[in-house]
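The values are calculated or read from the model by the stated rules, or taken from the named source; none is laboratory data. All of these numbers come straight from a predicted model, not from anything done at the bench. Neighbour counts run over all protein chains shown; Cβ positions are idealised from the backbone, glycine included. Side chains included, ligands, DNA and RNA excluded: accessible areas come from the protein's heavy atoms. Shrake-Rupley method; radii C 1.70, N 1.55, O 1.52, S 1.80 Å.
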Amino acid sequence: MRVAVAGGTGLVGSRVVDRLRARGDEVVVLARSVGVDIVADSGLSEALTGVEVVVDTTSVVAKTSQEYVDFFGTVARNLQKAAAAAGVHRIVTLSIVGIDGLGGGAFAHYDGKNAQERETESGTVPTAILRATQFHDFAAQLIDWVAKGPLMPCPKQPVQTVDVDVVADELVALAHEAASGGLASDRVRRDIAGPEKGVLADLVRAVAKARGRRLLVIPVWLPGEAAKKVRSGVLQAPAGAKIAGGTFDAWLARAYPKDADHLAT
Ligand SMILES: NC(=O)c1ccc[n+]([C@@H]2O[C@H](COP(=O)([O-])OP(=O)(O)OC[C@H]3O[C@@H](n4cnc5c(N)ncnc54)[C@H](OP(=O)(O)O)[C@@H]3O)[C@@H](O)[C@H]2O)c1
């Protein structure tokens, strides 16, 4: 089958592309670096010619809630419009577990993802939303985004991180189910999570240590109702979620082997 992967050069998207190609699918990557800008709607309709399923794994790093809403909302709207015109059978979108109950304004990225879910499901093309918990990579990403010096504030947050490889597996499985007509309704939603509950600050400390970096991680208590819900565990696996993949420690050992160069610097 012919599948388009929006964000197919990214952390998740590149894994989806590799898996689809390994199964013999024809893959079209939608990313600015290959000449398709979904936000600007440039090159999109041509790229979707003959495509049966679109998998959306796009992302952005922005500052404000409005910037995230603009990005994810526009991506979802433009994909729906172009997919409808091209006769695409289904859009499979990657989202995040538990964000829909948080209300707006507290977590900028989640505001954007909620807008993406809404816009995706407002279109005429059938959808499947896969909500994943934070990836095992999330603590490392946080360090890269936030820790500019020896101290790092980190929200007090229970997590249940998942291996990005099994998220990619699940997106590919959904794309194939969609293409074979195996999805029961036009608005499918599924959740996926890793096997262990943990605390974000502990994962951040473990990554810093594995990188050989001295970092004082200071758990912080964020104010507000949304942060309270996060502390109560809404970002962990909900009832009915698929539990899959290896543990954070197994991922850490793979990502940061003990004899690697990063420890020598
Ligand atoms: N990190 C987590 O713990 C976690 C957990 C659950 C779900 N998620 C979700 O997973 C998704 C993917 O995350 P990721 O870390 O894989 O992202 P990523 O590595 O930052 O990749 C983002 C992709 O989006 C593409 N892109 C950005 N702007 C674009 C545009 N205007 N037009 C076309 N393509 C564009 C990028 O390619 P170009 O730069 O070449 O355009 C890139 O391929 C996100 O939506 C995130 O919310 C993340």
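Okay, here's what the table says:
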| item | result |
| --- | --- |
| Contour excess over end-to-end distance, with Cα ends at Ile218 and Ser45 and 0.36 nm allotted per residue | 57.6 nm |
| Estimated Rh, the stretch 92-178: Kirkwood, alpha-carbon pairs, angstrom | 14.8 |
| Accessible area expressed per residue, the chain, with surrounding protein chains retained (probe 1.4 Å, Å²) | 46 |
| With Cα atoms, 0 to 90° folded angle of helix 200-210 axis to the chain main axis | 80 |
| Degrees separating the helix 11-22 axis from the principal Cα axis of the chain, which is the longest one | 50 |
| P(r) weight above 25 Å for the stretch 123-227, C-alpha pairs, percent | 38 |
| Theoretical ellipticity at 222 nm over the chain - DSSP helices of four or more residues, -39500 (n - 2.57) apiece, nearest 500 | -12000 deg cm²/dmol |
| Point-to-point label distance, Lys197-Val146, nm (Cα→Cβ direction, 7 Å offset) | 2.1 |
| Set of aspartates and glutamates with alpha-carbon distance to Lys258 below 14 Å, sequence-local pairs under 8 removed | Asp249 |
| Neighbour cut-off at most 15 other Cβ (10 Å), DSSP loop, trypsin sites (Lys or Arg not before Pro), the stretch 162-234 | Lys197, Arg213, Arg214 |
| The stretch 1-146: Cα Rg divided by the 2.2 N^0.38 Å rule of thumb | 1.01 |
| Förster-model FRET efficiency, 30 Å R0, Asp18 and Ser122, C-beta, rounded to 0.05 | 0.45 |
| P(r) histogram, all alpha-carbon pairs of the chain included - 5 Å bins from 0, percent | 1, 6, 12, 16, 19, 16, 13, 9, 5, 2, 0 |
| Surface share of carbon and sulfur [accessible, 1.4 angstrom probe, percent] for the chain | 54 |
| Contact order relative to length of the chain, as percent, for alpha carbon pairs under 8 angstrom and 6 or more apart | 19 |
